[in-house]
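Data first, discussion second: the structure below is written as C-alpha cells.
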C-alpha cells in the first residue's frame, strides 16, 4: 500500500522564478510547473500551501547567499516579505478599522448611559426642603444660637467658613 502511494505522480508544483530566469521543467514528465513571479509573492503568499511556502522560503534562502548587490529589487522585496511580512505570528490581531468601530460603540454606550440618566432624573421626586439655601442658612443661625462646636466649628472665635451652607 505504501509503495502505491509513493508511485503516484504529483499533480502540480509551483516554482519560484525571476523575470530574468525562464521557467524550468522538472526531470519528471509527470510534473507540471507553474511560475510565481517574485514581484507577486506578497499577493500569492496567503494562497500558497505550506509546502509551497517552504519551497519559496528555501529558494529565497539560496538567493540570499549570493551577493546582495546582484539581487534584483523584486528578489529583495520578496525576501523581506517572507522574513518580516504580516503573516504567521506577525499577522495583525484585529482587522483594519476595528479601532474606529470600538470607539463608535463606546460612544454609543456612553450616550445610552446619558439618556438613561436623564430619563431616571426626570422621574425622580424634587429634592427635600432641607437642601435649600434658606434652610441651610437657618441651620447656621440655630448652630450659633446653641453654640454648637465652639472649639473648631461654626461657634468658634474667628470662624470664617460657610458653616452648613453647601448649595449655591
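No value in this document is a laboratory result; all are computed from the given coordinates. The shown structure was predicted, so the numbers you read here are calculated from the model rather than taken from an experiment. Don't worry about glycine lacking a Cβ; one is built from the backbone with ideal geometry, like all the others, and counts go over all protein chains shown.
What to note about this one:
- All distinct Cα pairs of the stretch 82-134 go into the 1/r average, and the inverse of that average, the Kirkwood radius, is 15.9 Å.
- Protection proxy ranking of 123-130, 145-152 - average other beta-carbon atoms within 10 Å, highest first: 145-152, 123-130
- Length-normalised contact order of the stretch 126-168 in % [C-alpha pairs under 8 Å, at least 6 apart]: 40 percent
- Computed extension gain for residue 83 through residue 109, at 0.36 nm per residue and net of the alpha carbon distance, reaches 5.2 nm.
- Mean Cα-pair separation over length for the stretch 34-138, i.e. relative contact order, pairs under 8 Å, 6 or more apart, %: 22 percent
- Estimated inter-spin distance, residue 54 and residue 167, nm [label 7 Å along Cα→Cβ]: 8.1 nm
- FRET efficiency estimate (nearest 0.05) - Cβ-Cβ, residue 144 to residue 121, R0 30 angstrom: 0.25
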